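Read the structure below first, then the notes.
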Amino acid sequence: MSESNHEPIISIQGLEMNYGGKQVLKGINLDVYEGQIIGYIGPNGAGKSTTVKIMLGLVKGYSGRVRIFGKDISNGEVEYKARIGYVPEVAEMYDSLTPQEYLTFVGELYGLERRLADHKAQRLMEQFGLEEVYFNRISSLSKGMRQKVLLISSLLHNPDILFLDEPLSGLDANSVMVVKEMLANLAAEGKTIFYSSHIMEVVEKISSRIILLNEGNVVADGSFEQLQEQLHEGTLEEIFTELTGYHEHKDTAARIVSIVKEVQR
Amino acid sequence: MSDFKTLILLDRCKGLFEKAGMDYVQMRRILQVKLTMDGRRASTLIGKTSRSADPEELSNQFMKSLWIYAVMGVVMIPLVVMGHNLIFQMSFVFGILMFMIMTSLISDFSSVLLDVRDHTILGSKPVNVKTINMAKAIHIMIYLFFITGSLTAAPLAGALFRYGILFFLVFVLEICLMDLLIVAITALLYWLVLRFFDGEKLKDIINYVQISLTMVMAVGYQLLARVFNLVDLQIGYEAHWWHVFLFPVWFAAPFEMLFGGHRGEAIIVFSLLSVFLPLLAVWIYVRTIPSFEANLRKLSNQTARKKGRGGQWPDVLGRWICRSREEQVFFRFALGMIRKERDYKLKVYPSLGLSLIVPFIFMFNTFHSGSSWEDIRSGNSYLLLYFCGLVVPSAVMMLQYTSSPKGAWIFDTVPLRDHVPVYKGTLKACIVQLILPIFVVESIVFTLIFGVRILPDLLVILVMTLLYTVISFRLMGLEMPFTEPAQAGTQSGKAGLMLLLFLILGAMAGLHLAFRFSTSGVYVLLAVAFIANITVWKLAFRNL
């Protein structure tokens, strides 16, 4: 990794966060460099979404230092967000709007000219096979379609960093291939991609660097091959369960089955 | 997305916003999106949800709903221009205004105040917080301006002609202050609820406000006639200390002070309150905004709930009134749906409340038309109890609708031999949860009024109501319960059938009256109705 000769594009130092008496982040340290595809993984509640939300300024009241594009984000300035694209975990959109209306709106908020945003959105919709629903309400779209609209909304303004929280949820296998390939291409163009997913096979394949979070701490950081070497495990799934200390999956499954069998006929 | 005239007007203040550190272009764009979405939202008053896919055609729904407010405003003209007791008249006017504006703010505009999506969607974009907050404030102001404007247009015009320009200006000023107070109170109310409860509780409260708004609108027409009588009242105003708690009186006080000629200390205090309290409330509200925003997050977070109340009795009751096991299952299921489904409550509870009140309104009318109390007590007015049945058709019809029709696949995938237990269980749940409580409450009140002599008649009415329920069910030809999407015009689509059902209800009451010829007639009718009931309950579920 070419960490020595570049300024990190994202730099997190000693990040801690409390939510109602519970410490969700316990001192995260992280330097991310241009062109990296970072798979940010961990069990539910490990603090993945919280980290991303802090970097976007959606969650305040953290302690520690977060620098993006070399600037501390805690001063309340919002300009840095113009170079970031974001896909939230829950597909929150103004769904009484049509994709056209929503996407041009988002594009304009990012500072694009309306005609350009519209034109770009329409062509991206076409590429994702959604040209037919461009003028339908978002509320009438299927889960996969909504996810694609959300993806488009994060790309319109050609951002330098992409934060993608579960970007593949609801997409079919073909669309997943497209998105995976697209992410690789974007990274090759020098974009930095920071994304989280629960599907370990995908993370394994496309990430140039994997960061595993558990109970608010970074417990693993490196390329897939490096992690394999360190831990002598074959798949990312095995690494994941090893490091998050979850060994009971067989027992739990056995208990579930025994409860299922309780029905009398 | 069309450009709104309001925004073109707003463009004139562009420089002002930019001087205050806001990005006007972004703010305007946010407002445009918000207004577009408003146009596609259904208003509680009209009760219409949008079906059509064409957005442009629907974008003016909100504007259309304003007509109703304008008409209500006309009703207030006599209150303003007639009579010589300004403090009474204006208190009334402000009372109505406050109620209307506050309930419509809560029922139609909560989704705006409580939109959790804003945080994610706007917060992640390069838009500064000032711009977002200002857009929100202006959005609410635009909404209030339209609602208040259409409500007060008529009374304001009336005031202008009757009392002149000065009165008019004071009226406008007081209305603006009232709006401020309403916004601040509503927001503080939400803040309090969110502080101590979770988002679900708040949604429930909003739901009940919507229900009461719909109900008051319906009953309001009945009460209107009485209001005109009140205008002629010539009572001298005497201030009491507890009037401090009646907000409308504050806003009426300046009129009495300036134009009515009474300048008591109380009047002056109230007048001052009407000016300073709204300002104070807004100041407090602005102070709580950060903590309000933090609490808003509760709306999307679920807190664990303790085991619901209700406990054992649905089980016991189900076993008692349902024969088969499947029927019991669906009885309990339907009971839960009726209690929890907010759409169902919103559609049915207003008519439930109405059917609770209507018998008394009619009785009150007979009372007013000269009959003495004794006449009523010994007469046949208890047959008004049949009006309880008014709720039955809509309650039964609404059983087929739900806000989550997609959940209906469960009916197709479970091994059900036939659908009869589904219908039977649901109908019984509807009777137990809605119809019987109303009937019991009314029966107690009626027994208190008419004495125990009507007990046999009450029994007849009960059996008749059950019969009526199952007849309504059969004539409606329902879909599977809780499977159809609740859509526009669901109620009006079957207007003819509703009329027929009301006629049947009337016929039942008539039959009952006819059987009153002798003391034993009631018992004969009871026996007949009972047998009819059993037969019809058996027949009604065939060939579903």
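Here is how the numbers come out for the structure above:
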item	result
Residue under evaluation A:D118, criteria (1) surrounded by fewer than 20 Cβ atoms within 10 Å (Cβ to Cβ); (2) under 30 Å from B:N128 (Cα atoms); (3) in contact (Cβ under 8 Å) with a residue 40 or more places away in the chain, criterion not met	(3)
Residues being within 14 Å of chain B (Cβ to nearest Cβ) and aliphatic (A, V, I, L, M) - total across segment A:125-150	5
Scan of segment B:417-444 for residues that are among the aliphatic types (A, V, I, L, M) and surrounded by 14 or more Cβ atoms within 10 Å (Cβ to Cβ), ordered by number	B:V420, B:V422, B:L427, B:A429, B:I431, B:V432, B:L434, B:I435, B:L436, B:I438
Complete set of residues in segment A:88-105 that are surrounded by 23 or more Cβ atoms within 10 Å (Cβ to Cβ) and more than 7 Å from chain B (Cβ to nearest Cβ)	A:P99, A:Y102, A:L103, A:T104
So A:S175, is it away from chain B (no Cβ under 14 Å), more than 30 Å from A:L231 (Cα to Cα) and part of a helix (DSSP H, G or I)	yes
Subset of segment B:115-139 that is without any contact (Cβ under 8 Å) to a residue 60 or more places away in the chain, facing chain A (nearest Cβ under 7 Å) and not in a helix (DSSP H, G or I) - its residue that is surrounded by the fewest Cβ atoms within 10 Å (Cβ to Cβ)	B:P126
Cβ pairs under 7 Å, 6+ apart, first in segment B:197-212 and in a helix (DSSP H, G or I), second among the aromatic types (F, W, Y)	B:L202/B:Y190; B:I211/B:Y349
Hits in segment A:228-260 - residues which are surrounded by 15 or more Cβ atoms within 10 Å (Cβ to Cβ) and assigned to a helix (DSSP H, G or I)	A:Q228, A:L236, A:I239, A:F240, A:T241, A:E242, A:L243
Exclusive hit being among the acidic types (D, E) and touching a Leu at 6+ places or on another chain (Cβ under 7 Å), set A:E215, A:E204, A:E229	A:E204
Hits in segment A:140-192 - residues which are closer than 18 Å to A:Y94 by Cβ and among the polar types (S, T, N, Q)	A:S140, A:S142, A:Q147, A:S153, A:S154
Yes/no for B:V227 being among the aliphatic types (A, V, I, L, M), surrounded by 12 or more Cβ atoms within 10 Å (Cβ to Cβ) and either at pLDDT below 65 or not in a helix (DSSP H, G or I) (or both)	yes
Whichever residue in segment A:134-154 is buried (at least 17 other Cβ atoms within 10 Å of the Cβ) and basic (K, R) and, among such residues, is farthest from B:P485 (Cα to Cα)	A:K148
Any hit, segment B:304-311, residues being within 14 Å of chain A (Cβ to nearest Cβ) and either modelled with pLDDT under 85 or at negative phi (or both)	yes
Residue list for segment A:189-198, restricted to those being farther than 13 Å from A:D165 by Cβ and among the β-branched types (V, I, T)	A:T192
Residues (among the small types (G, A, S) and either modelled with pLDDT of 95 or more or under 26 Å from A:M177 (Cβ atoms) (or both)) located in segment A:114-139	A:A121, A:G129
Residue in segment A:204-227 that is surrounded by fewer than 16 Cβ atoms within 10 Å (Cβ to Cβ), away from chain B (no Cβ under 14 Å), of a type in the set (S, T, Y) and out of contact with any helix residue (DSSP H, G or I) (no Cβ under 8 Å at 6 or more places or on another chain) present	yes
Output for segment A:72-87, where each listed residue is more than 8 Å from chain B (Cβ to nearest Cβ), over 11 Å from A:S153 (Cα atoms) and touching a residue at least 24 places away in the same chain (Cβ under 8 Å)	A:R83
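The values are calculated or read from the model by the stated rules, or taken from the named source; none is laboratory data. Please read all numbers here as calculations on a predicted model, not as lab measurements. Cβ atoms come from the backbone with ideal geometry, glycine included; neighbour counts cover every protein chain shown.
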